[in-house]
Each structure stands twice: as C-alpha cells, then as structure tokens.
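The values are calculated or read from the model by the stated rules, or taken from the named source; none is laboratory data. Small disclaimer: the values here were computed from a predicted structure and weren't measured. Glycine gets a Cβ as well: all are built from the backbone with ideal geometry, and neighbour counts include every protein chain shown.
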Amino acid sequence: MYYAKELMSCFELEFTYLQKIEITSGLKHGLDKEDVKVYAQREWNHLQMREVRLALEHHISRREIKKYMHCDMPVEKMHKIRLALEKGEKVQRDYMHQWIPLVFMSGVILLFLALFPYMQEKPYLELKQDVITLQCGDIFDPMEYIASYSTMQGQLILPSTFSTNEPGNHVAVYTLRTQKGVVEKILYIEVK
C-alpha cells in the first residue's frame, strides 16, 4: 500500500471527495496503480468511476473497459456493460456509433438552417431612382445610384460611363447575374 498514499497525493487537488473514495476503495480491494489509473479520471463522476472499479475488481481487462466505457457514457449504460462483461456476454460497441450519425445529422441540419435564407434568396437589384438629371460636365458614377443588391455570389455589371459634355438623353442598364437568375434595372439620364 505504499503507492496508495503516493497516488492519492498526486490526485489530492484534482478529485472530489466521492471520487477519492472510489480511488481508495479500488486500492483497498487489491487493484494496482495501473488499474486505478484506468478510472481515476477527473472527467468521470464518482458513479462512473465505481462502475469501472467494480469491472476491474471482477477481473475484466483494462483493454475491454477502455474499449466499451467512456467518460461521456451515462452511468446506467456503463452498469449494463459491466454486468454483461462480468457474465462473459458479447458487448456491442453501439454507444459511440449511435451518436455519430446523430451528431452528423445535427450538423447537417444546422448547416442547412444557416444557409436556408441564402438558398431561398432571389437576386435583387434596387436603384435609388429611375430617372435622374445631370448638368453638362457632371460626372456619372454608376455606383452612386444603386440603393441595394443581393450579396449572393454573382456578378454586378455596371453601365458604361459616358460624356456629359453635351445635353441629351441616355439609358444606363444595370445587370446582376447570379446562379439564381438575372436582374436588370434601367436608369434614364437626362443631361441638361
């Protein structure tokens, strides 16, 4: 029992009172230092530790325990596994496998919900006004007249700039091309 005090002093600050009881119980019942290390895990509550300790005391191998018992497993499940192993029954590794598809599907659903608004978004392009008047010599900046447009991946095609040195009427065509469709807006320009 020399190593019992050594082991407990190493874990003194890391475990709750009930977890320490499980550690000392294993040592009192003849488990060696390596056996105790199997279940002396801070992540496990004292009831989980007890199930592993009892399995070790019933001569279930460390390898079998590590294979089937995990700190995120409910105590009830650990208890059933321990009893099955003690009886020599074959235990299926269904616990982890049943959660993997659930976690995967949850991730897919969350991703879908996050992207759903963007998948449903139709392309839009809004101009501040449909008709503008410029004075001769003013500069025509096509971006200045866009109120908003969809930010989905696509291409915004602006109308070409033109000379406003002479009076006249012009038509500026704005085009937004996306995978969801094409939107065009026309801005009528009068130069005075």
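Selection of first residues in segment 45-74 that are more than 18 Å from Ser25 (Cα to Cα) and of second residues that are part of a loop (DSSP other than H, G, I, E, B) and among the hydrophobic types (A, V, I, L, M, F, W, C), restricted to Cβ pairs under 6 Å at least 6 apart or on distinct chains, gives the following pairs, ordered by first then second residue: Tyr68/Val91; Cys71/Trp44. Within segment 141-176, the set of residues being under 25 Å from Leu115 (Cα atoms), surrounded by fewer than 14 Cβ atoms within 10 Å (Cβ to Cβ) and hydroxyl-bearing (Ser, Thr, Tyr) comprises Ser148, Thr151.
Among the residues of segment 119-140, the one identified as touching a Ser or Thr at 6+ places or on another chain (Cβ under 9 Å), at pLDDT 90 or above and surrounded by fewer than 10 Cβ atoms within 10 Å (Cβ to Cβ) is Gln135.
Let's see how each residue does on (1) part of a strand (DSSP E or B); (2) more than 15 Å from Pro123 (Cβ to Cβ); (3) without any contact (Cβ under 8 Å) to a residue 12 or more places away in the chain:
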residue	(1), (2), (3)
Ile139	no, yes, no
Ala147	yes, no, no
Leu156	yes, no, no
Thr164	no, yes, no
Asn169	yes, yes, no
Ala172	yes, yes, no
Thr175	yes, no, no
Val182	yes, no, no
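Can you spot a residue in segment 10-22 that is touching a residue at least 24 places away in the same chain (Cβ under 8 Å) and either small (Gly, Ala, Ser) or within 30 Å of Lys90 (Cβ to Cβ) (or both)? Checked segment 10-22: at least one residue is touching a residue at least 24 places away in the same chain (Cβ under 8 Å) and either small (Gly, Ala, Ser) or within 30 Å of Lys90 (Cβ to Cβ) (or both). Each residue in segment 40-58 was checked for being under 21 Å from Gly88 (Cα atoms) and at pLDDT below 90, and 0 pass.
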